[in-house]
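*Asks:* So that we are looking at the same thing, I have put the structure below in structure tokens.
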Amino acid sequence: MGQLHVFFFPMMAHGHMIPTLDMAKLFASRGVKSTIITTPLNVHYFTKSVEKTNQLGFQMGIMTIKFPAVAAGLPEGCENSDQITSEDMIPKFFKATFMLQDPLERILDEIRPDCLVADSFFPWATHVAAKFGIPRLVFHGTGFFSLCATENTRLYKPQREVSSDDEPFLVPHLPHQIWLTKMQLSPEDRDGSETDFARLRVIMKESELSSYGVIVNSFYELEPEYADYYRNVLKRKAWHIGPVSLCNREVEDKAQRGKEATIDEHECLKWLDSKEPNSVVYICFGSVAKFDDSQLFEIAMGLESSGQQFIWVVRRDKGDVQNEGWLPEGFEERTKDMGFIIRGWAPQVLILDHEAVGGFVTHCGWNSILEGLSVGVPMVTWPVFAEQFYNEKLVTEILRIGISVGNLKWSMTVNSGVKREAIGKAVRKVTVGEEAEEMRSKAREFKEMAKKAIEEGGSSHGDLNDLIQQLTSYRP
Ligand code: UDP
């Protein structure tokens, strides 16, 4: 029997493509042939890593399917969620992904891999794979805690029992007491409205339940009660194999994740080398979250008043000087000895991994949280949308390695309202003082556990072995 061949098909969004690439590399490093499926304009995000993996003697490839942007009503060339600039483009983007069914079916028929790991946003993939007797694994891109907490919120709808948007409700039946407000939920979870997205969620769940199982980028020791709850109470067949970002060991691998960095990574490292351990705060809100000018202005003022050294990533174009109303006048000149702004894309893992970084202000995207705790830094949590408000609860109340900046409202588009005083205070609290030290020492324990989990004998290493074995014996 030949080599096991697995297809990996991520959603066209950096927060999904980055961990899927890492996952594919992990499988390849265990002797599996890994093929990434993506669309033409996303290929370049994968090529370097795939070439490098092949040079190391492992088997990895890329196959493309055309993204029907125009047919779905999107502008030509819009193939990645980071090109979505208005709310009306979101349903069109999903419509285009639904049109990927037929081309995927054709390549599955032609190549007949042994397994398809497809994004949870592609619910139709289970059925398409089943046509050829191929097991489909679901990849959500988030951890066990938020999978369990969102499921129970949707199952038991405790939000219906409160009389206002800011009255807390208890998420029922979880191993911990987790309180949320309606404001922290997505619009469809908040009101139970029958939106397209709510309907998509229903099909996503059905497809997950009829799939071969779920692959989770997490490690058992991080959220053991929830890994158990997901499997034993919610009855999902799941394998945890993370943190997958830890497969990147060399500077080059840590620097080249997602887009090309808009800063020279060596310059960045040189600057960090000149700083004391744990003295710099890194601020970044992932690849999708959008902040209003007024909010960016408050962040700048908060940072300056915190007196802490910083690297702040702002997803605004370099050179767009006419549109820099978000930046207080003279800010960069005044703070040039304290820190700097990266306009565009940062080599995040490389920066976080530097010993000078002592705190991380994060939007609580799951990849960012895992990357932060894998290097042992305490966090300021600033959730924005998706499942980020759940992730915040894990970090601040269960793991206790972070403090909340106090953003109260879920929003995909309007993010403003957190004041400079709250920002400055949170940044100081996470960098200096007794509380920072306590959180840092806990975060370091998770760092060690994460490292062990992916090493031989570790829980994630073992689960990946088990999964590969099961897929091998599933073959006809
Ligand atoms: N990222 C990066 N540089 C940036 C912004 C993001 O390398 O300037 C990476 C980050 O390391 C993470 C991913 O992009 O791996 C973002 O995923 P996450 O789940 O944190 O957030 P999302 O972008 O999905 O909201």
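*Asks:* Where does each of Tyr226, Tyr156 land when they are ranked from fewest to most other beta-carbon atoms within 10 angstrom?
*Replies:* Ranking Tyr226, Tyr156 by Cβ neighbours within 10 Å, fewest first, gives Tyr156, Tyr226.
*Asks:* Evaluate the charge dipole of the chain about its Cα centre and quote only its size in Debye, nearest 20, assuming +1 on the Cβ of each Lys and Arg and -1 on the Cβ of each Asp and Glu.
*Replies:* For this selection, approximately 1040 debye.
*Asks:* Need the list of lysines near Lys33 for cross-linking: C-alpha distance under 21 angstrom, and skip anything on the same chain fewer than eight residues off.
*Replies:* Partners found: Lys25, Lys48, Lys52.
*Asks:* Mean residue ellipticity at 222 nm from the helices of the chain, using -39,500 (n - 2.57) per DSSP H segment of n ≥ 4 over the full residue count, to the nearest 500 deg cm²/dmol?
*Replies:* The helix-only estimate for the chain comes to -12000 deg cm²/dmol at 222 nm.
*Asks:* Can I ask one more? Counting Lys and Arg as +1 and Asp and Glu as -1, each charge on the Cβ, what is the dipole of the range 328-462 about the Cα centre in debye, to the nearest 20?
*Replies:* 360
*Asks:* Another question, then. Would you mind checking the pairs Lys259/Lys409; Lys182/Lys393; Lys182/Lys205; Lys336/Lys442 and listing those with alpha carbons more than 26 angstrom apart?
*Replies:* As for pairs spanning more than 26 Å Cα to Cα, those are Lys259/Lys409; Lys336/Lys442.
*Asks:* Let me ask another. Given 37 °C and 0.692 mPa s, compute D for the range 101-165 with the Stokes-Einstein relation, Rh being the Kirkwood radius over Cα pairs; round to the nearest whole µm²/s.
*Replies:* 233
*Asks:* Can I ask one more? Once each part is reduced to its C-alpha centroid, what is the distance from the range 401-424 to the range 97-165 in angstrom?
*Replies:* 30
*Asks:* Specify which residue in the list Gly458, Ala422, Phe446 is farthest towards the positive end of the charge dipole of the range 416-462, using unit charges on the beta carbon of Lys, Arg (+1) and Asp, Glu (-1), about the Cα centre.
*Replies:* Ala422
*Asks:* Just add up the charged neighbours of Gly458: K/R +1, D/E -1, any other residue whose Cβ is under 12 Å from the Cβ of Gly458.
*Replies:* Spelling it out: positives minus negatives among the neighbours equals -3.
*Asks:* If each residue's Cβ is checked for other Cβ atoms within 10 Å, how do Ser305, Ser441, Ser120, Ser164 rank with the fewest at the top?
*Replies:* Ser164, Ser441, Ser305, Ser120
*Asks:* Moving on. Work from the charge dipole of the range 1-82 (Cβ charges, +1 for Lys and Arg, -1 for Asp and Glu, about the Cα centre) and give the residue of Gly77, Thr35, His14 farthest towards its positive end.
*Replies:* Thr35
*Asks:* What's the exposure ranking of Val233, Val361, going from fewest to most Cβ atoms within 10 Å?
*Replies:* Val233, Val361
*Asks:* About the Cα centre, and with charges only on the beta carbon of Lys, Arg (+1) and Asp, Glu (-1), how big is the dipole of the range 1-150? Nearest 20 debye, please.
*Replies:* My answer is approximately 440 debye.
*Asks:* Once the principal axes of the Cα atoms of the chain are found, what is the range along each, listed largest first in whole angstroms?
*Replies:* Principal-axis extents of the Cα atoms in the chain, largest first: 65, 56, 48 Å.
*Asks:* Farthest toward the dipole's positive end in the chain, which of Ser374, Ser163, Thr153, given Cβ charges of +1 (Lys, Arg) and -1 (Asp, Glu) about the Cα centre?
*Replies:* Thr153
Quick note: the coordinates plus some simple rules give every number you see, no bench work behind them. Computed from a prediction, not measured in an experiment: that's the story for all the values here. So basically every Cβ, Gly included, is an ideal-geometry build from the backbone, and we count neighbours across all protein chains shown.
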